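So the structure is just underneath, and the comments pick up after that.
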Amino acid sequence: MPFNMKASLYILFTCFIFTVNAQINSKIIHSHNDYNQKVPFWNAYANGANSIEVDIILKDNNLYVAHDSHKINLKKTIESLYLIPLERALYMNFKSSEAILYLLIDIKSEGIITLNKLIEVLKKYPKIINSKSIKLVISGNRPEIKNYSNYPKYIYFDHQEIQNSISKSSLKKVAMISTGFKQFSNWNGKGRLTHIDKQKVEKIIKLAKKLKKPFRFWATPDSKTAWKAFSELGVDIINTDKPAKCFNYLNELPQKIAEIKSFSKVYTPTFKINSSKKTVKNIILLIGDGNGLSQISSTALVNNGELTLTQLKEIGLIKTQSADDFTTDSAAAGTALATGKKTNNRAIGVNPKGKPIKNIIEILFEQGFNTGIITTDEITGATPAAFYAHQKDRSQKNKIATDLINSNLNLFVGGGSVTFENLAIETKFQLIKSTNDLKKANHKVGFFISKKKPTPVQNGRDNILAEVTKESLAFFKQKQKPFFLLVEAAQIDSFGHYNDTNGVITEGIDFDKAITEAIKFADKDGETLVIITADHETGGFSIPQGNIKNHLIEGSFTTNDHTATMVPIFAYGPQSHLFTGVYENTEVFFKILKSISK
């Protein structure tokens with residue numbers, strides 16, 4: 001056969017994807033009527049489909065690829081579209097020896113004669129017929145079941161008479177079990193199977209499974225919802241006209257599903273001082289980095305349908321665009337919240353021209369407030385840094401660290417102690433080793449919870465965010481001065497970037513535990529305003545499916561970056577009504593100042 005270097009290089013590149021990823025997905029992806037694809041065989045093969053369907057018609061002693069005789073193209077034979085490419089792939093070792101590839105050959109012309117011609121043609125391709133990782137499966141017009149064993153050992157069959165008995169010798173020649181889905185349901189792949197239809201489908205799958213062969217429905221709905229449903233029902237071979245999308249979806253599904261085992265105990269506020277006109281003494285600002293409405297919704301749904309956060313009544317939406325971009329980053333968004341001014345992405349506490357802007361902590365310090373920052377990021381991370389630092393770029397870690405040392409903060413808690421090893425931070429802050437040490441700490445206190453970025457909740461981080469929030473509030477309360485405390489749940493954003501649903505939700509539940517401590521404090525204190533918001537949304541997160549009873553959510557992401565969607569803002573306590581409505585993120589700064597004005 002002629003060797004085409006350009007084609008072979010293309011094969012080498014695309015099939016690399018297949019050999020690396022094919023075994024990750026335990027389901028068999030079946031490229032239905034594969035010859036209708038723009039690039040038959042290679043599109044399916046390179047994108048993880050390990051079952052490929054081709055219709056053939058015998059005409060003028062040639063095996064053409066077509067569904068109907070009037071659609072025959074003389075250039076499209078089973079050899080040109082499938083056998084030659086497959087043998088080339090085997091020759092170049094693109095096919096993993098562990099992964100079975102099913103070539104489902106659907107005979108549309110007279111069965112026996114066409115099959116005999118196919119066997120004649122296949123003898124020209126010894127590498128295919130001798131391969132242990134290739135199964136040539138005959139469907140469509142087939143010989144009688146009792147004659148299956150009369151055919152060569154490399155010929156297998158698609159068994160469709162599920163309810164009929166089959167001999168052991170014939171069963172050995174069966175590669176898969178198939179039946180039409182529409183015999184049992186007219187479901188279109190949207191919403192859910194009805195209970196009655198689901199019972200019918202489960203019954204036929206159970207019957208097919210008794211034969212201990214891979215099972216497939218044909219004529220199925222072709223959507224993410226359908227692929228997931230069939231996978232969960234135990235269908236082994238997923239029928240699709242979108243092999244790449246189907247493979248990627250099912251391959252990524254484990255990372256998109258969260259089944260939560262740890263929960264936030266919901267606290268119901270008293271609402272005694274909520275939305276009163278009383279002047280605010282203390283401010284607690286909690287920021288869930290990347291925490292959009294879908295992140296909050298998913299966290300609430302797995303947490304038995306509610307959170308402490310979802311008990312609150314004063315709710316608004318804020319716009320997050322930066323000065324120089326439609327979609328903000330944490331530095332610009334943090335700066336907007338901290339200073340009331342829009343700035344460029346990556347800028348920390350400076351305006352678009354790089355000039356420092358006074359932040360809320362500096363302003364409140366001048367008014368006699370104690371101030372503190374808690375984060376599950378490094379303390380030099382963009383969001384917390386926006387409340388104490390003034391640098392042109394968020395990457396200037398050492399300069400940001402120096403700004404922290406020289407800041408008016410009374411308290412900081414976060415990761416990233418390694419950045420401060422040669423900066424003598426202990427001359428300005430009393431460094432403590434546990435939350436218990438806060439009870440006896442002096443005026444300026446620092447607590448590094450990790451050398452670098454703190455461990456995520458799902459990897460073992462304990463309840464430290466809620467604990468340190470509670471102890472920090474007690475620390476400020478005993479000083480009998482007004483205070484401003486920023487609490488950031490930073491890693492909701494991290495897992496949005498990773499497109500990891502479980503990480504997003506576990507960090508969200510952790511955040512709600514800290515919110516609970518803030519709301520409890522506000523109820524007891526009577527003079528504290530609690531504000532909960534996000535700097536931006538991350539991941540374009542949505543929640544197409546889930547199960548409240550089983551604490552399970554399937555998440556979906558449109559990006560691994562930030563998005564420009566508005567984010568919710570909640571408020572509780574005196575003056576909380578100021579935070580309802582839809583407004584720019586810069587307005588949060590001014591509303592805080594208004595809430596404390598006499």
Sequence-distant residues sharing a close amide H with G140 (under 5 Å, placed H): I107
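Where nothing but the Cβ of Lys and Arg (+1) and of Asp and Glu (-1) is charged, how large is the charge dipole of the stretch 5-258 around its Cα centre, in debye to the nearest 20? Could the numbers behind the result be given before it?
Working: 39 positive and 21 negative charges, 100 e Å.
That gives the stretch 5-258 a dipole magnitude of about 480 debye.
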P(r), alpha carbons of the stretch 282-596 - 10 Å bins starting at zero, rounded %: 6, 30, 39, 21, 4, 0
Linear extension gain, S542 paired with I196, 0.36 nm per residue minus alpha-carbon span: 121.7 nm
Calculated log₁₀ intensity ratio I(q)/I(0) where the Debye formula runs over C-alpha points of the stretch 434-545, q = 0.21 Å⁻¹: -1.23
Dipole axis of the chain (+1 Lys, Arg; -1 Asp, Glu on Cβ), positive-most option in P482, V350, V457: V457
Of Q367, S51, G539, farthest towards positive along the dipole that unit charges on Lys, Arg, Asp, Glu beta carbons give the chain: S51
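Please grab the % of Cα pairs in the stretch 5-258 that end up more than 35 Å from each other. List each step's numbers first, then the result.
Details: 3939 of 32131 pairs.
The proportion of pairs with Cα distances above 35 Å equals 12 percent.
From the cross-link list K397/K453; K433/K481; K172/K210, which pairs have alpha carbons spaced over 20 Å apart? Could the numbers behind the result be given before it?
Values: K397/K453 13 Å; K433/K481 25 Å; K172/K210 14 Å.
Beyond 20 Å between Cα atoms: K433/K481.
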Full-stretch length increase - Q480, S450 - with 0.36 nm per residue and alpha-carbon distance subtracted: 7.8 nm
Degrees, to the nearest 10: 586-596 long Cα axis against longest axis of the chain: 40
Long pairs among K182/K206; K135/K200; K212/K242; K392/K451, criterion Cα-Cα beyond 19 Å: K135/K200; K212/K242; K392/K451
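When the dipole is taken about the Cα centre of the stretch 282-596, and only Lys, Arg (+1) and Asp, Glu (-1) are charged at their Cβ, what size is it in debye, to the nearest 20?
Numbers: 31 positive and 34 negative charges, 192 e Å.
Charge dipole of the stretch 282-596: 920 debye, to the nearest 20.
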In nm, spacing of pseudo-spin labels at T565 and N147 (7 Å Cα→C-beta vector): 5.9
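Assuming 0.36 nm per residue, please report the length gained on full extension of the stretch E306 to H70 beyond their Cα-Cα distance. Present the calculation step by step, with values, prior to reporting the outcome.
Working: separation 236, 0.36 × 236 = 84.96 nm, distance 6.04 nm.
That works out to 78.9 nm of additional length.
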The chain pair-distance distribution - Cα-Cα, 20 Å bins, rounded %: 18, 38, 24, 17, 3
Crossing angle, helix 111-122 versus the chain [Cα axis fit, 0-90 degrees, rounded to tens]: 80
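How about the stretch 96-149: which trypsin sites (Lys or Arg not before Pro) there are in a DSSP loop, with at most 14 other Cβ atoms within 10 Å of their Cβ? Don't jump to the answer; show the numbers that get you there.
Numbers: sites: K108, K117, K123, K124, K127, K132, K135, K146; in loops: K108, K123, K124, K132.
Sparse-neighbourhood loop trypsin sites (Lys or Arg not before Pro): K123, K124, K132.
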Folded to 0 to 90 degrees: helix 195-209 orientation relative to the chain principal axis, Cα: 50
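We did not get these values from a lab; they are worked out from the coordinates using the rules stated. Small disclaimer: the values here were computed from a predicted structure and weren't measured. Note: ideal-geometry Cβ built from the backbone for every residue, glycine included; neighbour counts use all protein chains shown.
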